[in-house]
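Accompanying notes for the structure given below.
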Amino acid sequence: MNEELLWPLPPEFTTISQRFGEHPEWYVPYGLAGHEGWDLPCPIETPTFTTHDGWIDPSWRGEYGNSVRIYGEGFFTFHAHLVRTIGAYGQTVRAGQIIGWTGDTGVRDDGTPSCRGRHLHWGIKVDGVANAAFKDWLNPEPFLRRETMKTGWHLGNEGEITELDWRIMEILVPGCVVWMPG
Ligand SMILES: [Zn+2]
């Protein structure tokens with residue numbers, strides 16, 4: 001893959017509450033050497049955006065709660081613990097498009113909640129890049145850089161939301177509360 005990813009949340013939410021590889025003791029039951037992504041705390045119902053163009057699979061559940069995989073060329077990214085997702089399996093999405101709202105969903109096999117506080121869990125796997133101790137999840141650090149953060153929705157080259165973007169969003173998310181940058 002060779003593309004710059006967008007930040008998956010509105011720009012006021014840049015805190016990382018749990019980095020990649022942290023708390024190995026929590027992840028022993030999952031066969032992981034530690035946390036397999038980044039946790040970005042944010043209030044419930046915060047919109048989350050795909051960080052790149054691709055197509056979505058919103059069918060993931062279980063410990064990750066309502067969650068979405070977005071498949072790009074040679075990689076996929078993952079947004080977990082959402083209150084809800086939008087879009088259907090196979091639907092194409094453009095970088096910056098809203099794909100759900102954050103929350104704290106997810107349950108273990110024994111029925112207990114698996115999510116520690118409200119946050120977005122974000123992860124990435126790249127085809128052909130192994131990371132056995134983390135079931136091939138990779139450290140988001142080189143992919144999600146706050147220094148190069150771009151704000152949400154699909155932004156044109158000038159960083160502006162176009163009329164067309166707004167019309168697309170109204171069709172995709174009728175009646176949604178739209179976050180506006182700036
Ligand atoms: Zn996490």
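The values are calculated or read from the model by the stated rules, or taken from the named source; none is laboratory data. Every value quoted in this text rests on a predicted model; they were computed, and no experiment measured them. Glycine also receives a Cβ, built like all others from the backbone with ideal geometry; neighbour counts cover every protein chain displayed.
With respect to Ala80, is the statement that it is touching a residue at least 40 places away in the same chain (Cβ under 8 Å), within 16 Å of the ligand (Cβ to nearest atom) and either assigned to a loop (DSSP other than H, G, I, E, B) or over 27 Å from Ala132 (Cβ atoms) (or both) true? Lay out the reasoning, then the answer.
Numbers: touching a residue at least 40 places away in the same chain (Cβ under 8 Å): yes; within 16 Å of the ligand (Cβ to nearest atom): yes; either assigned to a loop (DSSP other than H, G, I, E, B) or over 27 Å from Ala132 (Cβ atoms) (or both): no.
It is false that Ala80 is touching a residue at least 40 places away in the same chain (Cβ under 8 Å), within 16 Å of the ligand (Cβ to nearest atom) and either assigned to a loop (DSSP other than H, G, I, E, B) or over 27 Å from Ala132 (Cβ atoms) (or both).
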remark   = Expected single match for over 30 Å from Gly34 (Cα atoms), surrounded by 15 or more Cβ atoms within 10 Å (Cβ to Cβ), touching a Ser or Thr at 6+ places or on another chain (Cβ under 7 Å) and at pLDDT 90 or above among Val93, Val68, Val83 is Val93
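Could you identify the single residue in Trp26, Trp55 that is surrounded by fewer than 19 Cβ atoms within 10 Å (Cβ to Cβ) and part of a strand (DSSP E or B)?
Values: Trp26 fails: part of a strand (DSSP E or B).
Residue meeting the stated conditions: Trp55.
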note = Residue pairs within 7 Å by beta carbon, gap of at least six or interchain, first lying in region 24-38 and closer than 20 Å to Asp109 by Cβ, second part of a helix (DSSP H, G or I) and at pLDDT below 95, listed first then second, are His35/Tyr27
message = Going through Glu45, Glu22, Glu36 one at a time, which residue ends up being in contact with a helix residue (DSSP H, G or I) (Cβ under 7 Å, 6 or more places away or on another chain) and charged (D, E, K, R)?
response = Glu36
request  = Run Gly111 past the list (1) surrounded by 22 or more Cβ atoms within 10 Å (Cβ to Cβ); (2) at positive phi; (3) not aliphatic (A, V, I, L, M) and report the number of the one that doesn't hold.
outcome  = (1)
message = Test of understanding: among Trp38, Trp7, Trp101, which residue is within 16 Å of Ile124 (Cα to Cα), among the aromatic types (Phe, Trp, Tyr) and more than 13 Å from the ligand (Cβ to nearest atom)?
response = Trp7
